[in-house]
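Trainee: This structure is in structure tokens; I'll ask about it shortly.
What follows draws every value from the coordinates through simple rules; no lab data is involved. Everything numeric here is computed off the predicted structure, so don't read it as measured data. Heads up, the Cβs are rebuilt from the backbone with ideal geometry, glycines too, and the neighbour counts pull from every protein chain shown.
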Amino acid sequence: MSERQAAARLVTPEGREIALPVLEGSVGPRVVDVRRLYAESGMFTYDPGYTATASCRSAITYIDGEQGILLYRGYRIEELAQKSDFLEVAYLLLFGELPTRAQYQQFVHDITYHTMLHEQIQFLYRGFRRDAHPMAVMIAVVGALSAFYYEDLDVEDPRHRLIATDRMIAKMPTIAAWAYKYSVGQPFMYPRNDLDYASNFIHMLFATPCEPYKVDPVLARALDRIFILHADHEQNASTSTVRLVGSTGASPYAAIAAGIASLWGPAHGGANEAVVNMLDEIGSPSRIPEYIARAKDKNDPFRLMGFGHRVYKNYDPRAAVLKESADEVLDLLGVKHNPKLEIAKELERIALEDEYFQERKLFPNVDFYSGIILEAMGIPRKMFTAIFALSRTVGWMAQWNEMIQDPEQKIGRPRQLYVGPGERPFVPLEERG
Ligand code: ACO
């Protein structure tokens, strides 16, 4: 719980001093509480991109961007990736503590028994072109769930919120896998309750009704780890989108659809697909200097995809886990030589030695290595961001639940610095030159 510790003093242009409370969290920078600033000074704060604004109190995820530390409910991401599994991490993010064995079993049961989609939803898929991007399809299908679960959903009721949370986490693999199945013209595969979360997703992606399909446990474990690493990341663009939509009291399914839309952009979750496209384009280590030069050229819009982060000014700890995983997974899959991984590692080495990247503290982020692993696992490129969305659904639901329960929660409604014309009279069309 944060407390008022001190006051920050602000002197207005007129020379009036205003004391603003300073709030202290459990760890991390203190924040200046500016809620009364307008009432007391007639001024707003200006912060495009919210680079210096804490939009809420949250007890879910903590990032120390300078040190490259990421904690879910106080636990290091590296430790969770190594010792836990995705549904256990989901429980932790949602409820604040690691589950007991009984709580874990109940949670796994609840998720497993919500994985089917309403049969009618199949027809929604059939309205799309086969080449539609899975993220576009997922935005539509998840948004459509708000039509399927409308009458019985009161967001103020904790039980209703719990059911919506179970549904969303359980159905997301089915929704994502079906987007892929539709794109390749194969029959939709129904979820299998005897499989764990990651294995079930792999099954729905790759199995067909014609023959038995055995999920490779190595792939399932690697994918589960990718799910853990992407599960939450505090108030990023898509999570803030979910909170903003949810703050109006809208359906959580509509809020998650908006979150998926926000995640899709190449500056956010879309970067994992963009990284692999970029590595393909580079094609050989000899061309790396050319691309580094382009990334540094301010007249060239090209950016090194998978590099840089708003919060991390150090190595993204998720990228470190994935770099290690990439070697492990490729080894287990019997891949001796992966040209993309070699280009990626060389690109990283050269960039980290370069003054431009050093000065700006640009390091590989989570998207830099994830695509390479997913591709080696046989997962189609267009599904990379869909897998990110599937994983992040846990964080989105945890943050949405936290927001609804927050007594200080208000509808999200930023102000602006208006730079348009002042009031002026309307000129009729015939009098305009
Ligand atoms: N390649 C080259 N230069 C870069 C890169 C990059 N990938 N990222 C940042 N820079 C430069 C900027 O041009 C800017 O330089 P300047 O100070 O000379 O103008 C400086 O570093 C600071 O960058 P900003 O864009 O101001 O930083 P911001 O916090 O707004 O952006 C972002 C962060 C969007 C992630 C950015 O680093 C980027 O576009 N990276 C590539 C896309 C990517 O990998 N996105 C995934 C992010 S992780 C995630 O969402 C899961």
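Per-residue answers, yes or no, for (1) over 18 Å from residue 387 (Cα atoms); (2) of a type outside the set (Lys, Arg):
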site: 145; (1), (2): yes, yes
site: 151; (1), (2): yes, yes
site: 154; (1), (2): yes, yes
site: 161; (1), (2): yes, no
site: 177; (1), (2): no, yes
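Here is a yes/no grid of residues against (1) in contact (Cβ under 8 Å) with a residue 12 or more places away in the chain; (2) among the β-branched types (Val, Ile, Thr); (3) within 30 Å of residue 395 (Cβ to Cβ):
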residue: 9; (1), (2), (3): no, no, no
residue: 18; (1), (2), (3): yes, yes, no
residue: 21; (1), (2), (3): yes, no, yes
residue: 25; (1), (2), (3): yes, no, yes
residue: 29; (1), (2), (3): no, no, yes
residue: 41; (1), (2), (3): yes, no, no
residue: 44; (1), (2), (3): yes, no, yes
residue: 58; (1), (2), (3): yes, no, yes
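Trainee: Would a scan of the range 393-405 turn up a residue that is more than 22 Å from the chain's Cα centre (by Cα) and either over 30 Å from residue 344 (Cβ atoms) or not polar (S, T, N, Q) (or both)?
Mentor: No: the range 393-405 contains no residue that is more than 22 Å from the chain's Cα centre (by Cα) and either over 30 Å from residue 344 (Cβ atoms) or not polar (S, T, N, Q) (or both).
Trainee: Could you tell me which residue of the range 301-313 is nearest to residue 364 (Cα to Cα), considering only residues that are over 19 Å from the mean Cα position of the chain (by Cα) and either of a type outside the set (Lys, Arg) or more than 11 Å from the ligand (Cβ to nearest atom) (or both)?
Mentor: Looking at residues that are over 19 Å from the mean Cα position of the chain (by Cα) and either of a type outside the set (Lys, Arg) or more than 11 Å from the ligand (Cβ to nearest atom) (or both), I get 304.
Trainee: Can you run down the residue pairs with Cβ atoms below 7 Å, 6 or more apart or on separate chains, where the first is in the range 232-247 and of a type in the set (Lys, Arg) and the partner is away from the ligand (no atom under 11 Å from the Cβ)?
Mentor: Every condition considered, the pairs that remain are 243/56; 243/399; 243/400; 243/403; 243/412.
Trainee: Tell me which helices (runs of 4 or more DSSP H) are completely within the range 352-427 and hold 3 or more residues being exposed (fewer than 14 other Cβ atoms within 10 Å of the Cβ) and within 14 Å of the ligand (Cβ to nearest atom), or say none if there are none.
Mentor: Because the criterion is at least 3 residues that are exposed (fewer than 14 other Cβ atoms within 10 Å of the Cβ) and within 14 Å of the ligand (Cβ to nearest atom), the helices (runs of 4 or more DSSP H) in the range 352-427 that meet it are 355-359.
Trainee: For the range 417-430, which positions are without any contact (Cβ under 8 Å) to a residue 24 or more places away in the chain and within 29 Å of residue 43 (Cβ to Cβ)?
Mentor: If the condition is that a residue be without any contact (Cβ under 8 Å) to a residue 24 or more places away in the chain and within 29 Å of residue 43 (Cβ to Cβ), then 418, 419, 420, 421, 422, 423, 424 are the ones that fit.
Trainee: Within the range 116-153, track down each residue that is exposed (fewer than 12 other Cβ atoms within 10 Å of the Cβ), of a type outside the set (Asp, Glu) and under 17 Å from residue 190 (Cβ atoms).
Mentor: Answer for the range 116-153, where residues must be exposed (fewer than 12 other Cβ atoms within 10 Å of the Cβ), of a type outside the set (Asp, Glu) and under 17 Å from residue 190 (Cβ atoms): 120, 123, 126.
Trainee: Among (1) touching a residue at least 60 places away in the same chain (Cβ under 8 Å); (2) in a helix (DSSP H, G or I); (3) loosely packed, with under 13 Cβ neighbours inside 10 Å, which single condition is residue 156 missing?
Mentor: Unmet condition: (2).
Trainee: Can you spot a residue in the range 301-320 that is hydroxyl-bearing (Ser, Thr, Tyr), outside any helix (DSSP H, G or I) and surrounded by fewer than 19 Cβ atoms within 10 Å (Cβ to Cβ)?
Mentor: yes
Trainee: Where residues in the range 278-300 are outside any helix (DSSP H, G or I) and more than 8 Å from the ligand (Cβ to nearest atom), which of them is surrounded by the fewest Cβ atoms within 10 Å (Cβ to Cβ)?
Mentor: 299
Trainee: If you don't mind, there's one more thing I want to ask. Would you be able to say whether some residue in the range 206-217 is out of contact with any strand residue (DSSP E or B) (no Cβ under 9 Å at 6 or more places or on another chain) and among the acidic types (Asp, Glu)?
Mentor: Yes, the range 206-217 contains at least one residue that is out of contact with any strand residue (DSSP E or B) (no Cβ under 9 Å at 6 or more places or on another chain) and among the acidic types (Asp, Glu).
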